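Engineer: Can you keep this structure in mind? I'll have questions shortly.
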Amino acid sequence: MEERDCEPCMSRRELLAGIAAGTVAAALPLAEGAEAAPAKAHWVEVGKGTEFTATPKLVKAAGHPVFIVRDAKHHLHAISGKCTHRGCTVGWEASAHKFHCPCHGAEFSEAGKVEHGPAQKPLPVVQVHEMHGKVSVNIAGLM
């Protein structure tokens, strides 16, 4: 190995360590949940409007479980049926008015809010629209 002539000179190992540290530091905002660009809409038809009532109905939208319900004002609402803990499909418990995960016991309100863990995040709301008697959901945020 050759001797260094000056104090500010950097060894190859120090240079590589600095590059690695800079790469990790640059990635931190992404790892900490910085918002990504919004996904393009991906609408999937899931049924006829007459199929959806005040009782949440589970449908598969391109393989993604989604619950759709019609409120008292006849507006449709949709929520992901995939538990935010480990990805199991939740079920609707009509007697308790809750979504329940059969895998680890998480419970969610009608609006998807966590009521009992281990899940920490709510069930995502899914965009839904009805046109010409057909109901579609936007699964872009579920992919």
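Engineer: Within a 10 angstrom radius of the beta carbon, how do Ser109, Ser95 rank from fewest other beta carbons to most?
Structural biologist: Ser95, Ser109
Engineer: Related question: Over all alpha-carbon pairs in region 43-142, figure out the percentage whose distance exceeds 24 Å.
Structural biologist: Of the Cα pairs, 17 percent sit more than 24 Å apart.
Engineer: Toward the positive end of the charge dipole of region 43-142, about the Cα centre and with charges on Cβ (Lys, Arg +1; Asp, Glu -1), which of Gly112, Gly63, His97 goes farthest?
Structural biologist: Farthest towards the positive pole: Gly63.
Rule-based calculations on the coordinates, nothing more; no lab input. Every value quoted in this text rests on a predicted model; they were computed, and no experiment measured them. Note that we place each Cβ from the backbone using ideal geometry, even for glycine, and neighbour counts take in every protein chain shown.
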